[in-house]
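The values are calculated or read from the model by the stated rules, or taken from the named source; none is laboratory data. Quantities reported herein were computed from a predicted structural model and do not represent experimental measurements. Virtual Cβ from ideal backbone geometry, glycine too; neighbours counted across all protein chains shown.
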Amino acid sequence: MPNFNLDEHTRRRSIYLLPNAFTTANLFAGFYAVVQAMNGRYEVAAIAIFAAMVFDGMDGRVARLTNTQSAFGEQYDSMSDMASFGIAPALVIYEWSLRGLGRWGWLAAFVYVVGAALRLARFNTNIGVVDKRFFQGLPSPAAAALVAGFVWLAVDNKFSLQSGTIAWLAFAFTVYAGVAMVSNAPFYSGKTFALGRSVPFWVILVLVAVFVFVSSDPPVVLFGLFVIYGLSGWAVFYWRWRRARRLGSRMRQASHEDTPDDIQ
């Protein structure tokens, strides 16, 4: 008699390998970026970090679509993210430009690494608590895209600046990315967009236009998009602060108007 329980267990294990395979690809891309940076191939290293972002975005969605989420997968994904979006970008930009700044260079790289570690730790402990529509702080893949995008853009000779100026710009981008990851600024998560949900035809046309736009000049377009995203959280933060301030002012005014004259 066939053992249906064993067959079901084997089938479930084979499905669980699918999202973890994308996570492994994410980890490999981050490791590959470090190796290429050590060999002086910084453009390839930056592209590898962007490839890691693609794999990282796929593993979670594949797990949700196939209903194969697991505690192991969450921990594996978090550790892979630390390697690909924490360690790898810091080492790539340090080897490329920050090394020339001496202690300021490695301190900037360390600020980025510790920011990524704190960001991932806070994300893991706040699952189910914060609004799923927004990340609390700049997500580590976007921070890595800022750093890697700057490297890719500069190596691709889009900057006609002196090496010293580029080094301090790299310092600024690295420190900003590290600090933004541990901030409370809300950044749109995109998790409300479901792949299994039907969409209008114009959405497909927009996606095609985005692919064409990015392929026209990948380093410029990708870096520009992630700079905009990296600043968007502060715009939302300011908008929420202004709205809360106006609401508080209206409540105080209404309370003042409702107070009887004899009590005043």
- Note on the structure: Picking from Ala90, Ala121, Ala108, Ala116, the residue that is in contact with a Ser or Thr (Cβ under 8 Å, 6 or more places away or on another chain) and closer than 14 Å to Val182 by Cβ would be Ala116
- Task: Could you pull out every one of the helices (runs of 4 or more DSSP H) wholly within the range 81-181 that has 3 or more residues that are of a type in the set (Lys, Arg)?
- Result: 103-125
- Which one is nearest to Val220 (Cα to Cα), of the residues in the range 62-81 that are of a type outside the set (Asp, Glu) and buried (at least 17 other Cβ atoms within 10 Å of the Cβ)? Ser80
- Between a first residue in the range 68-84 that is more than 22 Å from Ile49 (Cβ to Cβ) and at pLDDT below 85 and a second residue that is aliphatic (A, V, I, L, M) and in a helix (DSSP H, G or I), which pairs have beta carbons less than 6 Å apart while being 6 or more apart in sequence or on different chains? Thr68/Ile15; Gln69/Ala63
- Message: I'm checking my understanding of the structure. Among residues of the range 198-230 that are hydroxyl-bearing (Ser, Thr, Tyr) and closer than 21 Å to Ala48 by Cβ, which one is modelled with the highest pLDDT?
- Response: Tyr229
- Query: Limited to the range 35-75, what total is found for residues that are outside any loop (DSSP other than H, G, I, E, B), among the polar types (S, T, N, Q) and within 26 Å of Ala121 (Cβ to Cβ)?
  - Reply: 1
